[in-house]
Amino acid sequence: MQPPPTPVPSPSSAPPPAPPPSAPVDPGPRPSDRVLMDWLWRGHVRQRLGFLLVAVVLMAIDGSMLGALSLMIEPLFDEVLVGGRGGLIGVVAAGIAGVFIIRGVTSLIHKTMIAWLSEKVMAELQQQLLAHLMRLDHGFFHRHPPGALIERVRGDSQAMGGLFTAVLPKLARDGISVVALLGAAIWIDWRWTLIALLGIPLLILPIMVLQRIVRRMGGDARISAADAATRLDEIFHGIFTIQRSGLERHEAGRFERVLSRFRKAQVRTVAGGAGMGSLADLVAAMGFALVLIYGGAQIAAGERTVGQFMAFFTAFALLIEPLRSLSALNGAWQTVLASLERVYGLLQIRPRIAQPTPPLAPLPTRSQTTVRFEGVEFAYDSEPVLRGFDLEARAGQTTALVGPSGAGKTTVFTLLTRLADPQAGRITIGGHDIARMDLRGLRDLFAVVAQDSALFDETLRDNVLMGATGVSDARLREVLDAAHVSEFAAQLREGLETRVGPRGSALSGGQRQRVAIARALLRDAPILLLDEATSALDARSESLVQEALDRLAEGRTTLVIAHRLTTVRRADKIVVMERGVAIEEGDHATLIARSGAYARLHALQFSGPEAGQPPPG
C-alpha cells in the first residue's frame, strides 16, 4: 500500500516536524544479560568452543609479550648501556626481536580466526532472523516497515559482531597484557606499583554512570538506524512520485532529520566509551607522577638503578593502552548487549499463524474447492475491515469481488491464504475449516496473480520457476508460450538468462504480469486468485494478459478482484462489497437488471467522458 502523498511545501513554509522515531518491534519483558548470553552461548558459540579457545590462547600469548618486553629493559640499561657489557647486546637484541616476532605471528593468526568466527556467527544470526521473520503473519508486516526489519537483520547482527572483534580481544589479549605488565611492575618494585594504582578506586563510580549512558545510547542508535533504513526504503520505492511532485528537497529534509537523531545517539555512544578510556588516562597520569617523585628520590640516593626505573617506566607506559582498552570495554559490551537484546526480542515473537495440531482436516481435490466465508469478521488493530462477511465461490467457477477501495476485497485473499486469521467466523474449502488444514498444503492450493506481482533480481527463467525443480524444457516452453512470455523473451539479449533487475525493473508492467501468469501456470494450483491483474496495463498488454488469464482460469476455482468491470462481465458470480460486507451478488445481467450498487458502478464506468476508467478511490 502506498502512503498518502505528502503536500509540496512552499519555499517560504516552515519544514514539517520530524517524524517520530520507530517504536521497538513488539517489545516484551526485558531479558537479563545472563539470559542473553546464555542464548548466544548455546545457539552460536558453544559448538565452536575448541576453535575459540585456540584463538584466546594466541591472544594471551600476544598480550603476555608486553610484560616480557618490559623486563628486558632492565638488563639493557644496567648491563649493556651503563655496565658496558657489550657481549650481551646481541642476546638482549635477539630477545626483544623475538618478542615482536611472536606478537606479530600470534596477532595475525588470532585476528584472522576471530574475523572468521565473527562473520560466521553474524551470517548465522542473519539467516536465523530472516527465516524467523518469513514465518510471521501478515499483521506483523502490517505494523513494521521493511526498512526497520532490514536494519534488524543486518545492522543489529553486525553490531553484535563487536562481541568477537572488540569485546573478546580486549578481554583476552589486553586483559593478559595488563596482568603481565602488572606482574612485571610488581617484580621490579611492588611499592612503586601500589603507588601507581592508588587512583583506580576513583574510576568505579564514573564508569558505572557511563555504562548506563552507553547502553541507552547504543539502543537509541540502533532505533535511529532502523528509522534511516525505513526512510530510504520509502524514498526509493516512491522515487518517481517524488520526482514528479518535486519533493526531492522535502524528502531530503526528512532523511536529514532522521540522520541527525542517529548521529547524536552514535556520537554519545562513542563519547561514553571514550570517556571510560580518558578516565584511565587520568589515573595513569596521577600514578606516574607519584612514582616519579618517590622513585626518583630512591635512584638519586642509589637505592634503585636506572635500569629498574626504565623497566618499570616501560611496563607502566605499556600498561596505559591496554588499561584504556579495558576501561572502554564496558562501553563496547553495552553496545553489543543493546543489539543482542533487540535480536533476542525479535526472535521471541511467535507467529500468530501456526501449523494446527493433529488431527488435520483433509486437503480438497480440484473438484472440491468450493470456498465459503461464514460470518467472517476481521480488523487491523482496532480498525474493522470485514463485518460478518459471507461468500460462496463454487468449485470450477469464476467469482468476482468488486467495490470501492477499502471495502475489504484484498483482505478476503489475505484470510483465504491464512496470512492472517479472522477474529470471528470461519472459512472453509471443500467444507473443511482452513484453520485445521496443513498450512503448507493449504497455501499450495493457490496461484496468485496480483497488480504488482513480485519479481526478483534474478534471471527471467528463475523468476518463472521460483525454485521449482524437475521442470522439463518442454513444460517450461509450454507455459511461456501460454503466458505470452516467449514473445518478449526472444527479444532480450540473453533470452531466459537475462536478469530482470530489482523488482523486475528491466521489464514493462505487461511483461511482469505475463511472468506472474507463467508462474501460476507452472504451479498448476486448483484455486486462482487474481488481484487487479490487468488494471495498470495499456490496451495491447491488457489484451495479451487477459487472454493468458482466461487460459489460466480454465478448470480452476477463480476469485477475481477488479475495478474495471470489463474484466468481470463473464464471471459466473459477481459479489459487490462495501465496508466489509457483501451487499449484492449475481451474474452481470442479473445485477444490471436489479439497478443497485453494481448497476451504478457500471454506469459510472461506461457512460460520459470517463467511460472505461476505474471508479474514484
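Data for the structure
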| quantity | calculated |
| --- | --- |
| For region 33-347, with +1 on Lys and Arg beta carbons and -1 on Asp and Glu, the positive-most of Thr165, Met59, Phe309 along the dipole | Thr165 |
| Inverse of mean 1/r across different Cα pairs in region 553-598, Kirkwood, Å | 11.4 |
| Stokes-Einstein translational diffusion, region 33-347 - Kirkwood Rh over all Cα pairs, 1.002 mPa s, 20 °C, in µm²/s | 94 |
| Normalised alpha carbon radius of gyration of region 64-109 [divisor 2.2 N^0.38 Å] | 1.26 |
| Percent antiparallel among DSSP beta bridges (both partners in region 366-605, rounded to 5) | 55 |
| Computed Rg/Rh of region 366-605, alpha carbon atoms with Kirkwood Rh | 0.98 |
| Bins of 5 Å from zero: percent of alpha-carbon pairs in region 32-146 | 2, 9, 12, 12, 11, 10, 8, 7, 7, 6, 5, 4, 2, 2, 2, 1, 0 |
| Cβ charges +1 (Lys, Arg) and -1 (Asp, Glu), total dipole of region 33-347, debye | 880 |
| 20 Å reach of a label modelled at Thr590, 7 Å along Cα-to-Cβ, counting backbone N of region 398-431 | 398-403 |
| Scattering profile of region 124-192 at q = 0.22 Å⁻¹ [log10 I(q)/I(0), Debye over alpha-carbon scatterers] | -0.93 |
| Calculated over region 341-436: convex hull of Cα atoms, volume per residue (Å³) | 130 |
| Theoretical gain in end-to-end length, Thr112 to Asp473 [0.36 nm per residue, Cα-Cα removed] | 125.3 nm |
| Percent RCO, i.e. relative contact order, over region 33-347, from Cα pairs under 8 Å lying at least 6 residues apart | 32 |
| Ala289-Ile96 FRET efficiency (beta carbon distance; Förster radius 35 Å; 0.05 resolution) | 0.80 |
| Qualifying aspartates and glutamates (Cα of each under 16 Å from Cα of Lys170; at least 8 residues distant if same chain) | Asp62, Glu321 |
| Most positive-pole-ward Cα, Ser177, Ile96, Val267, against dipole of region 33-347 from beta carbon charges | Val267 |
| Chymotrypsin sites (Phe, Trp or Tyr not before Pro) restricted to DSSP loop in region 433-525 with at most 16 other C-beta within 10 Å | Phe456 |
| Candidate lysines for bridging to Lys573, where Cα separation is under 20 Å - those fewer than 8 sequence places away on the same chain excluded | Lys409 |
| FRET efficiency for Glu494 and Leu347, using Cβ-Cβ distance with R0 set to 41 Å, rounded to 0.05 | 0.50 |
| Given charges at beta-carbon only (K, R positive; D, E negative), |dipole| of region 366-605 in Debye | 200 |
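Each reported figure results from applying straightforward, stated rules to the coordinates on display, with no laboratory input. Because the structure is predicted, anything quoted here is derived from the model rather than measured. Counting neighbours? That spans all protein chains shown, and the Cβs are built from the backbone with ideal geometry, glycine included.
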